[in-house]
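The values are calculated or read from the model by the stated rules, or taken from the named source; none is laboratory data. From a predicted model like this one, the values you see are computed outputs, not experimental measurements. Cβ atoms come from the backbone with ideal geometry, glycine included; neighbour counts cover every protein chain shown.
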Amino acid sequence: MKKKILVADDDPALLQMMEAVLKREGYEVLTAHNGQEALNLVRQQAPDLMILDIMMPKMDGPSVYSSLQSDVTLSKIPVIFLTALATSNSTSDEEGLLGTAAIMAKPVNHATLLRKVSGLLGA
């Protein structure tokens, strides 16, 4: 069965690129254009992994993540946060502040994206 990944970002070009890269690797991809849409999709679809932009309209990535922490099933979904504010050498301290498994800088490098996704999904 294909692993399901939710990608949420308000940049349509970046969203389309990540969707294409992940689908080419055999993943099922759900997309959201803002945090509220992402939260609704997570609750409906329970993806295997979430990729959330930190700064999105309606609800930012950390708020989506925080909203899911009260649900015992959804709180276990691994998350990669995307940010234009970090460098590609983000530290584990920065990751700890977000309470997540990974953080990735924009612009997104395809190889880094696939490596992080594969690592978090145990693929």
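Below are the figures for this structure:
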quantity	calculated
Per-region count, region 6-55, residues of a type in the set (S, T, N, Q) and under 20 Å from Ala105 (Cβ atoms)	1
Filter result (among the small types (Gly, Ala, Ser) and in contact with a strand residue (DSSP E or B) (Cβ under 6 Å, 6 or more places away or on another chain)) within region 9-54	Ala32, Ala38
Residue in region 100-110 that is surrounded by fewer than 17 Cβ atoms within 10 Å (Cβ to Cβ) and modelled with pLDDT under 80 present	yes
Selected residue [touching a residue at least 60 places away in the same chain (Cβ under 8 Å) and more than 19 Å from Met104 (Cα to Cα)] from Lys58, Lys3	Lys3
Members of region 72-89 found to be of a type in the set (Val, Ile, Thr) and either farther than 20 Å from Gly122 by Cα or in a helix (DSSP H, G or I) (or both), listed by number	Val72, Thr83, Thr87
Any pair with Cβ under 7 angstrom, 6 or more apart, that starts in region 22-51 at a residue that is closer than 14 Å to Ser67 by Cα and aliphatic (A, V, I, L, M) and ends at one that is part of a helix (DSSP H, G or I) and at pLDDT 95 or above	Met50/Val42
Counted residues, region 35-52 - those being under 20 Å from Ala102 (Cβ atoms) and buried (at least 17 other Cβ atoms within 10 Å of the Cβ)	11
Any hit, region 57-71, residues being out of contact with any Leu (no Cβ under 8 Å at 6 or more places or on another chain), over 17 Å from Ile103 (Cα atoms) and in a helix (DSSP H, G or I)	no
Any hit, region 41-51, residues being in a helix (DSSP H, G or I), within 13 Å of the chain's Cα centre (by Cα) and at pLDDT 90 or above	yes
Residue list for region 22-40, filter: part of a helix (DSSP H, G or I) and small (Gly, Ala, Ser)	Gly35, Ala38
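Yes or no, residue by residue, for (1) surrounded by 18 or more Cβ atoms within 10 Å (Cβ to Cβ); (2) over 13 Å from Leu82 (Cα atoms); (3) touching a His at 6+ places or on another chain (Cβ under 9 Å); (4) at pLDDT 95 or above:
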position: Val7; (1), (2), (3), (4): yes, no, no, yes
position: Leu22; (1), (2), (3), (4): yes, yes, no, yes
position: His33; (1), (2), (3), (4): no, yes, no, yes
position: Ile54; (1), (2), (3), (4): yes, no, no, no
position: Ser63; (1), (2), (3), (4): no, yes, no, no
